[in-house]
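**Q** Before I ask anything, here is the structure I am working with.
The values are calculated or read from the model by the stated rules, or taken from the named source; none is laboratory data. Quantities reported herein were computed from a predicted structural model and do not represent experimental measurements. Neighbour counts are summed over all protein chains in view; Cβ atoms, including those assigned to glycine, are modelled from backbone coordinates with ideal geometry. Heads up: the accessible areas ignore ligands, DNA and RNA and are worked out on the full protein's heavy atoms, side chains in. Shrake-Rupley method; radii C 1.70, N 1.55, O 1.52, S 1.80 Å.
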Amino acid sequence: AKDDDRDGFVIADLLRTGKFTETQLLPGAYAELRQYSSLYRQQNEAITRQKILLRQAVGQTFPELGQVFRDLTGQTAQALLQRHAAAHVIRQLSEAAFLAAVRTDFQGRRFQVKKLQQAYQLAQHSVGLQATQGLELAIQGHLRLLAVQEAHLNQVKEQLVQTFHQLPQAHYLLTLALG
């Protein structure tokens with residue numbers, strides 16, 4: 001696939017001296033494992049990118065939120081960010097109305113009321129931007145993309161494990177890993 005004249009001379013010299021190796025493709029499950037491993041790494045990187053973009057957008061709309069929620073992808077934080085990502089939006093509500101509104105978006109077991117109360121207090125004196133409609137839309141998009149990417153990562157992980165168990169050495173490797 002080289003088209004540079006000098007590359008042709010280098011390739012010819014490598015062939016003449018025998019300093020090359022032939023490509024050996026992995027058979028069956030080994031090739032699949034390589035593909036799943038690569039896909040797993042790519043999905044992890046994509047999730048990390050989305051989390052960074054989410055944190056940057058939230059940093060503009062409600063920069064103090066990071067003091068309350070270290071992980072903005074937790075269930076309570078996501079429920080808050082769905083419709084109340086900007087501090088000026090939170091300021092317009094009473095604390096009870098804010099908690100009720102976030103509860104409607106919450107889909108989990110542990111609703112963290114104390115953290116939401118802290119977020120409400122911080123929103124009262126936040127230095128976040130006032131014109132945030134575009135950023136709020138971006139935050140909702142990042143949250144949706146994160147959900148899709150995490151679901152895809154779980155699919156890849158399941159397939160990777162299933163493919164690993166197809167290897168003849170799988171039982172032996174598992175006994176070594178488990179002690």
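**Q** Using DSSP loop states and a limit of at most 12 other Cβ atoms within 10 Å to flag trypsin sites (Lys or Arg not before Pro), what is the longest stretch of the chain containing no flagged site?
**A** Details: sites that count: Lys2, Lys19, Arg70, Arg109, Arg110.
Looking at the chain, 111-179 is the longest stretch - no exposed trypsin sites (Lys or Arg not before Pro) with at most 12 other Cβ atoms within 10 Å.
**Q** Then there's this: Given the pairs Lys51/Lys115; Lys114/Lys157; Lys51/Lys157, which span a C-alpha to C-alpha distance of over 29 angstrom in this model?
**A** Details: Lys51/Lys115 20 Å; Lys114/Lys157 35 Å; Lys51/Lys157 20 Å.
Listed pairs above 29 Å: Lys114/Lys157.
**Q** Helix 5-17: angle to the longest alpha-carbon principal axis of the chain, degrees 0 to 90, nearest 10?
**A** Roughly 50 degrees, rounded to the nearest 10.
**Q** Counting C-alpha atoms alone, how compact is the chain: give Rg to one decimal and Dmax as a whole number, in angstrom.
**A** 25.2, 81
**Q** Express the accessible area of the chain per residue in Å², computed with a 1.4 Å probe while the remaining protein chains stay in the model. Kindly include the intermediate steps, with their values, before the conclusion.
**A** Details: 12200 Å² over 179 residues.
Accessible surface, normalised per residue, equals 68 Å².
**Q** Moving on. Note the angle between two axes, namely the Cα long axis of helix 95-105 and the longest principal axis of the Cα atoms of the chain, as a number of degrees from 0 to 90, rounded to the nearest 10.
**A** Computed tilt is about 30 degrees.
**Q** So, one more: Quantify, in whole percent, the carbon and sulfur part of the accessible surface of the chain (1.4 Å probe; protein heavy atoms only). Let's see the in-between values first.
**A** Details: 6520 of 12200 Å².
It is 53 percent, rounded to a whole number.
**Q** Provide the FRET efficiency to the nearest 0.05 for the Thr48-Ser94 pair, computing r from the beta carbons and using R0 = 25 Å. Please list the in-between numbers first.
**A** Numbers: r = 37 Å, r/R0 = 1.48.
Calculated transfer efficiency: 0.10.
**Q** Relative to the longest principal Cα axis of the chain, at what angle does helix 133-166 sit, 0 to 90 degrees, rounded to 10?
**A** The answer is roughly 40 degrees.
**Q** Select from Gln162, Tyr172, His88 the residue farthest towards the positive end of the dipole of the chain; place +1 on Cβ of Lys and Arg, -1 on Cβ of Asp and Glu, and compute about the Cα centre.
**A** His88
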